[in-house]
Structure formats: C-alpha cells, structure tokens
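Engineer: Before I ask anything, here is the structure I am working with.
The values are calculated or read from the model by the stated rules, or taken from the named source; none is laboratory data. Small disclaimer: the values here were computed from a predicted structure and weren't measured. A quick note on method: Cβ atoms are made from the backbone with ideal geometry, for glycine too, and the neighbour counts reach across all protein chains shown. Just the protein is used for accessible areas: all its heavy atoms, side chains included, with ligands, DNA and RNA removed. Shrake-Rupley method; radii C 1.70, N 1.55, O 1.52, S 1.80 Å.
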Amino acid sequence: MKRLLLWCLALIASGQACADAGLLERMVGGFSRDSLWKNVQERCLTPATPTHSDCVIVDRQRGFVLYKDMIGASHYLVIPVRPVSGVDDARVWSDREHNAWAFGWAARDTVGKAIGRALPDTLLGLAINARAARSQDQLHIHLDCISESARDFLASGAFDRQWRSLTFRGKPVRVRLIPSDDPVLAVDPFDVVREDLGADGKIADRGVFLGYVRPLQGQAGFVVVDEPVDKAGGANGHASDFLDRGCKLGRAQPGR
C-alpha cells in the first residue's frame, strides 16, 4: 500500500492522474474520518488570524473556508466553518443562507494561480462525493480542473433545461443545464437537485458535480450532474471523477 501511495503521489506531482483517485483518497484520509475537520479547526478556525498556508480563504461571515487539499497542486476544498457531515446531513438540503458552491466558484481562479496559468471557466469544476464514496465526515466540495472525460461529456451537449438521464464513464447520472450567459453562479446546485425530487422526495445518498459550458452554438450555462448511489446500476456517487487532480487540461493551456 505504501508503494502504491508513493507511486500515485509521484504521478500527481508530474501532472498525471492516479488511475484510482478514489482508492488514493481512501488510503490518505481513511485512517481517521474526522482528520480533515480537525485540521481545518486547528489551522484555520481556532487562530484569530490564520497563518497556515492551507487556509487559502477563511470567510467566517459567509461561513466557509477554501482549504488546500494535500494531494494535487491545483486541488482545493470548500468546507463549512461548522460541523456538517456531508450530503447525508439534512441541513445541506434546507440551508437557504449559505451557498458553498457559489463560494467555491467565486474562488475558482485559485486553481489557475496554483499552476501558473489563466484557465477558462469551461475547464473548472466543483464536485461533492456521496457518503458511500468519501473518506471524511466533514462536508467538503472539491474544486479543480475537470478531467478529459468530463470535458468530452460536457462537449456532447446532450442536455438542456430539463433533467436528462445519461451515462458518464458507464455510470447512470442525471444532467440539467442552468442557462447563464455570465459565469456567475446564482443558484445552489443542492437546491436544483432537491427541487426536482419534490417536497416529499427522499434525498438519497448521491454525488453532485457542477461545470460551465459555453458552446459555439446553443445556450451557455452551468451544468448540474446528479449521481445517486445505485449499486445495481454501477453508480457509486464519486462525483469527483469529473475532476482531475493532475489538472492535465489546465496545464496544457498557454502559460503566463
């Protein structure tokens, strides 16, 4: 296991992705499911003025921290300043005051700065994993470049303003476009998913991804991907598969 971990870290350092990011995440964070929350508390929230480099943004008023993930030069996490377990926490789906996705999207230029390149919005994304596919029990939304498979999926244009059932890497997902000519996120993807389920709809364990498209033809806007855990259908809710910790597409962009 140690050899595999070192191999994956070497691949990421060179700009390549580990073949099994989910396995790597479990290996690194699986020893303690509250280690992320403890680190954020000690480094970012307990000091009156955080000085640790991992605390990229600490906004107590808005209620979030942008935290540098330990794996991947361009990988960041949006984390609430209060304990919230994840998508299985009912508060995630009822909170109208705090929008973690908007906070993370507004900070997306952090990814480009990390690799020394200005990145187009269409190469950036946010994702949260289902409870069944995460290693930490503090809500964290991943921010990074999208993967090549995600780029191809978004470029297909096989979605519109209504929910559509599609597949991503062989897994069943639901996809919906939120039209927006300006890349300013004015909705909460949690709300987008919840509203479709209805007032009595059960919020099953699921992963959610958010990206932005600006096609040459058609409507620009945000794409919300909903991946409920479906063992029979092969969906594990690991929405961060839409992202690439190696940021290959971003690194291929012209430098400064």
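Engineer: Stokes-Einstein diffusion coefficient for the range 56-141 at 4 °C in a medium of 1.567 mPa s, Rh from the Kirkwood formula over Cα pairs: what value in µm²/s?
Structural biologist: 95
Engineer: Can you find, among Ala130, Phe209, Ser147, the residue sitting farthest towards the positive end of the charge dipole of the range 34-252, where Lys and Arg contribute +1 and Asp and Glu -1 at Cβ?
Structural biologist: Farthest towards the positive end: Ser147.
Engineer: Note down the magnitude of the dipole of the chain about its Cα centre, charges +1 on Lys and Arg C-beta and -1 on Asp and Glu C-beta and zero elsewhere, to the nearest 20 debye.
Structural biologist: Using only the charged Cβ atoms, the result is roughly 640 debye.
Engineer: Also: Express the accessible area of the chain per residue in Å², computed with a 1.4 Å probe while the remaining protein chains stay in the model.
Structural biologist: Spelled out: the 1.4 Å probe surface of the chain, per residue, equals 48 Å².
Engineer: Ranked highest first by average number of other Cβ atoms within 10 Å, how do 35-42, 142-149 line up?
Structural biologist: 142-149, 35-42
Engineer: While we're looking at this one, here's another question. Taking a threshold of 19 Å on the Cα-Cα distance, which of the pairs Lys68/Lys171; Lys68/Lys113; Lys38/Lys248; Lys171/Lys248 fall above it?
Structural biologist: Over 19 Å Cα-Cα: Lys68/Lys171; Lys38/Lys248; Lys171/Lys248.
Engineer: So, one more: Find, among the trypsin sites (Lys or Arg not before Pro) in the range 84-134, those assigned to loop by DSSP (not H, G, I, E, B) with at most 16 other beta-carbon atoms within 10 angstrom.
Structural biologist: Arg96
Engineer: Highest mean first, how do 238-249, 156-167, 186-197 rank when packing is the count of other Cβ atoms within 10 Å averaged over residues?
Structural biologist: With the highest mean Cβ count within 10 Å placed first, the list reads 238-249, 186-197, 156-167.
Engineer: Moving on. Which of rounded, prolate or oblate describes the range 34-252 when judged by the alpha-carbon gyration tensor and an a/c cut-off of 1.5?
Structural biologist: Oblate is the answer for the range 34-252, as a/c is 1.5 or above yet b/c matches or exceeds a/b.
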